[in-house]
Amino acid sequence: MCGCFQFSKLRDLQRRFALFRGDSARSWLGRREYWEAAYASGRYKDVYEWNQTCDAIWPYVTKMLGQSFGSRVLHVGCGNSRLGRTLHDAGFVRVTNVDYSDAVIEMMRRQEPQLTWLCVDCAAPGALGADCFDFCIDKGAIDSLFESNTKAMWENGCSMVREIHRALIDGGKYLVISNGGVGIEILRATFRSVEVEHMEGYACDLYYKLITVILCTK
Ligand SMILES: C[S@@+](CC[C@H](N)C(=O)[O-])C[C@H]1O[C@@H](n2cnc3c(N)ncnc32)[C@H](O)[C@@H]1O
């Protein structure tokens, strides 16, 4: 009787914890509807930089890309960051900027008609193709799935990592600029090598951020 009581109490605690995780303040981060509504309503204006500015992350980007200006670069979860433009101005003219929000892709096509913008769900199986990119850059994209604290979004995050891996050539590199490095174990389990560094600075919201910079090699 006593053991039974303890067991049901434990189950109750587990259920409450699961609910807490599902309802936690950041669960909106993983929802496509959230991003669509936020960009369409102008919440993030014409330009917004999550977690770090392009200037701050540039040394890590150039360290990965070197002088390979002709390389095919996939920029996932691009939002309305200036990174696509910055890469183009630096001579990387084969960049594919991808986001699953129609609203932000339409906005970016109007702002930057010379660049390539695609509306794609990067977690959808096969959506990014196979062995067709040399590099991938991700500033806050898998974070939005892994940090949303729901099981479904965690699985979406794992799926996105698998699709990026599939899209890269052998030896291809994936640079992740992440708030807290949540999901790093998934990256370690998927990629041949994973190197981690940290940087500090301020993004659009002017909060001080300690950022995890993760360089994965297929
Ligand atoms: C935190 S914001 C980062 C935006 C931009 N990279 C930046 O640094 O400002 C996350 C972005 O990832 C996009 N995103 C999230 N999950 C995605 C998915 N499965 N496929 C494509 N885009 C996704 C969102 O629409 C949003 O624009």
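Overview of values
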{"quantity": "Mean Cβ count within 10 Å, highest first, over the residues of peptides 85-95, 141-151", "calculated": "141-151, 85-95"}
{"quantity": "Charged-residue dipole, Cβ positions (Lys, Arg, Asp, Glu), the chain about Cα centre, Debye nearest 20", "calculated": "500"}
{"quantity": "Top positive-direction residue, dipole computed over the range 27-217 with Cβ charges, set Tyr202, Ile142, Pro125", "calculated": "Pro125"}
{"quantity": "Cβ-derived FRET efficiency at R0 25 Å, Glu112 paired with Ala90, nearest 0.05", "calculated": "0.95"}
{"quantity": "Relative contact order (%) - the chain, alpha-carbon pairs under 8 angstrom, separation at least six", "calculated": "21"}
{"quantity": "Mean-position separation - Cα centroids, the range 69-108 and the range 141-156, in angstrom", "calculated": "22"}
{"quantity": "Gain on full stretching of the segment that runs from Lys45 to Gln67 - 0.36 nm per residue minus C-alpha separation", "calculated": "4.6 nm"}
{"quantity": "Ranked packing of 65-78, 38-51, most packed first, by mean Cβ within 10 Å", "calculated": "65-78, 38-51"}
{"quantity": "Residues with amide H under 5 Å from that of Cys136, placed H, sequence gap 5 or more", "calculated": "Leu74, Lys173, Tyr174, Leu175"}
{"quantity": "Ellipticity estimate at 222 nm from DSSP helix runs (n ≥ 4, -39,500 (n - 2.57)) divided over the chain, nearest 500", "calculated": "-12500 deg cm²/dmol"}
{"quantity": "Length gained when the stretch Ile169-Ser193 is fully extended (0.36 nm per residue, less Cα-Cα span)", "calculated": "7.2 nm"}
{"quantity": "The range 37-54 - phi-based ³J(HN,Hα) in whole Hz, Karplus 6.51/-1.76/1.60, Gly and Pro as x", "calculated": "5, 5, 5, 5, 8, x, 3, 9, 6, 8, 9, 8, 10, 7, 6, 7, 6, 5"}
{"quantity": "The range 85-90 - phi-based ³J(HN,Hα) in whole Hz, Karplus 6.51/-1.76/1.60, Gly and Pro as x", "calculated": "5, 4, 5, 4, 4, 7"}
{"quantity": "10 °C / 1.306 mPa s Stokes-Einstein diffusion coefficient of the chain, Kirkwood radius on C-alpha pairs, µm²/s", "calculated": "88"}
{"quantity": "³J(HN,Hα) computed for each position of the range 149-155 - Karplus, 6.51 cos²θ - 1.76 cosθ + 1.60, integer Hz, glycine/proline x", "calculated": "6, 10, 5, 4, 6, 4, 5"}
{"quantity": "Label point distance in nm, Arg162-Asp205, each placed 7 Å from Cα along Cα→Cβ", "calculated": "3.0"}
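Values in this text are rule-based calculations from the coordinates and carry no lab data. Owing to the predicted nature of the structure, the values given are computational and were not obtained by experimental measurement. Positions of Cβ are backbone-derived with ideal geometry, glycine not excepted, and every protein chain shown enters the neighbour counts.
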